[in-house]
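For reference, the structure is listed below as structure tokens.
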Protein chains: 4
Amino acid sequence: MSFVAPDPAFEQRTRASFARQGAMALIGAELVRVEPGRVEIALPFRPELSQQHGFFHAGMISAIADSAGGYAGFTLFPPDAGVLTVEFKLNLIAAADGERALAVGEVIRSGRTLTVCRLDAYVDKAGKRTHCATGVQTLMSLVGREGVKG
Amino acid sequence: MSFVAPDPAFEQRTRASFARQGAMALIGAELVRVEPGRVEIALPFRPELSQQHGFFHAGMISAIADSAGGYAGFTLFPPDAGVLTVEFKLNLIAAADGERALAVGEVIRSGRTLTVCRLDAYVDKAGKRTHCATGVQTLMSLVGREGVKG
Amino acid sequence: MSFVAPDPAFEQRTRASFARQGAMALIGAELVRVEPGRVEIALPFRPELSQQHGFFHAGMISAIADSAGGYAGFTLFPPDAGVLTVEFKLNLIAAADGERALAVGEVIRSGRTLTVCRLDAYVDKAGKRTHCATGVQTLMSLVGREGVKG
Amino acid sequence: MSFVAPDPAFEQRTRASFARQGAMALIGAELVRVEPGRVEIALPFRPELSQQHGFFHAGMISAIADSAGGYAGFTLFPPDAGVLTVEFKLNLIAAADGERALAVGEVIRSGRTLTVCRLDAYVDKAGKRTHCATGVQTLMSLVGREGVKG
């Protein structure tokens, strides 16, 4: 789908909000692409991100998938609106075994109050990309609530 | 529900596997309680775990909820079986604003191949506990696959 | 959890809305119990409700579970508000093999805009009750929109 | 994605199983298209399929979406395997207001034991198609269990 961002400064606003997410810095996630209704976040592997078998922990994949979807919705919000994840569901369809994970959030439906995104995650290993997770997310737009801007 | 763990060493096996999850160490999660079919994981707050508004990042809540459910299922597995998250869904029902988060995973249905868990998360703030997330998770038991033990 | 319905006529209003659901009449569903934040719907088995193996079709279980949750939320709405299912997720944890199915919807979190319910379904067979499905549902309260009252 | 069905008689086998689903006959659902890994089911509107506002009941949309996904997976199964829905999640992104609903199930990942499908539903009204639901479904392949063939 193709969307137009109502706020021309959507990318700057999204990058500024991402920079305030301590959790993304802690795990080493990078905001790769910001387009209207579509955001990509990359996560280079290190042992500190693993589950017990040495692959990416499902929680780390979830964290970047949730942020990718949340910011995909955020790009289409008015300048004064904050974003909240209402719920998300993720199917882990392949082992997240790779040197780098990539989460893609894409808006499917952009409403006044609720936004629905598709979430996908991939792992790259030795030049090969594997689709490792897919899901759906519901976001809420919060306007004029103190403390939730951005 | 009440379950009996087929492996008497279930707690030791669970704690050993948890200790191998680099991601749990990175975020500072602690394995609080391990019972047959029920596991609790705590996560003390620090700014490195936040989203843009200073609360726990939904991805961090998801990470401990996913691990709590995964290990709740794991306690009921035979000694040689590994655990894999097939999918999970989480509703974030209140802001995860607190000094400490607690995730509880509880087995609802324990099958030969698939296990279903309920996931809940709470935040404690100034002595008050708030239910901040609830969801459902599907796990798969993997027997005899190299590299996935535990 | 215990809730107080803001509208004293909540049961009458719920029963009137249920009676307008053609789909519930078609499949033969009955509104068994209506309490603040909790609704039960029963569905007697007949071959017309089956999947290919002769059990209740997952879609029929979903239909009564969705309605049970939707009306559980509805009992806590103000008199002029309509209810909309935003999303739901259901795990089918046992074969829905029985003479009668029972769906229970229970409010977990009742908010101004969004309500979250737990969904459960059971089948009764020869005097034995089996928990056959569990899930989570998000509802939206619609106030003052033409055509969606009730 | 493009899949090859291991059983050349996949369409015949799928149509035969669909014909045994009493629930699909009751609601008037039609198996429109059967391709390897992709199935479409249509449902003409009638008042008996409505919720309280006169649109398609979410449970009826779920029923055809669940069957479309289930049979999409089924087309890729070996001849002696039955299919079981493990879980599904559906977001209802627009009012299901139309003369006809169409559910599309598409396999995203086809495994030995588990298959993951994307579910989508549309409504047609006065020549215009609206995307009304999207979701994800997990299926299980059952081989050699009495009573679950097909």
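Readers should treat all values here as calculations from the given coordinates under stated rules, not as data from a laboratory. None of the values given here were measured: they were computed from a predicted structure. Cβ atoms come from the backbone with ideal geometry, glycine included; neighbour counts cover every protein chain shown.
Remark: chain D carries a charge dipole of roughly 120 debye about the Cα centre, counting +1 on each Lys and Arg Cβ and -1 on each Asp and Glu Cβ. In this entry, the protein assembly as shown is assigned a mean projected area of 25.4 nm², taken as a quarter of its C-alpha convex hull surface.
Determine the alpha carbon to alpha carbon distance for each of C:89/C:128; B:128/C:128; A:89/B:128; B:128/D:89; A:128/C:89; D:89/D:125 and list only those over 31 Å. Display every interim value, and only then the final one.
On the way: C:89/C:128 26 Å; B:128/C:128 40 Å; A:89/B:128 28 Å; B:128/D:89 33 Å; A:128/C:89 33 Å; D:89/D:125 25 Å.
From the list (C:89/C:128; B:128/C:128; A:89/B:128; B:128/D:89; A:128/C:89; D:89/D:125), the Cα-Cα distance tops 31 Å for B:128/C:128; B:128/D:89; A:128/C:89.
Normalised by the residues of chain B, what does the relative contact order come to in percent, with Cα pairs under 8 Å and at least six apart? It comes to 24 percent, rounded to a whole number.
Would you please put C:2-10, A:115-123, C:42-50 in order of how densely packed they are, using the mean number of other Cβ atoms within 10 angstrom per residue and starting with the highest? Write out the running numbers ahead of the final one.
Details: C:2-10: 13.7, A:115-123: 24.7, C:42-50: 18.3.
Top of the packing list down: A:115-123, C:42-50, C:2-10.
A protection proxy built from the mean count of other Cβ atoms within 10 Å ranks the segments C:58-69, A:18-29, most packed first, as C:58-69, A:18-29.
Spacing of the modelled spin labels on residue B:99 and residue C:2, each 7 Å from Cα toward Cβ, amounts to 2.9 nm.
Extents of chain B, taken as max minus min of Cα coordinates on every principal axis and listed largest first, are 44, 28, 25 Å.
With a 10 Å cut-off around each Cβ of A:114-125, the average count of Cβ atoms from other chains is 2.
Rounded to the nearest 10 degrees, the inclination of helix B:10-19 to the longest alpha-carbon principal axis of chain B is 50 degrees. Between residue B:35 and residue D:20, the FRET efficiency estimated from the beta carbon spacing at R0 = 41 angstrom works out to 0.40.
Looking only at other chains, what is the average number of their beta-carbon atoms within 10 angstrom of each beta-carbon in D:11-18? Kindly include the intermediate steps, with their values, before the conclusion.
Working: counts 0, 0, 0, 0, 0, 1, 3, 2.
Per-residue shielding by partner chains comes out at 1.
Averaged over C:76-84, how many beta carbons belonging to a partner chain fall within 10 Å of each residue's beta carbon? Whole-number average of other-chain Cβ neighbours for C:76-84 is 1.
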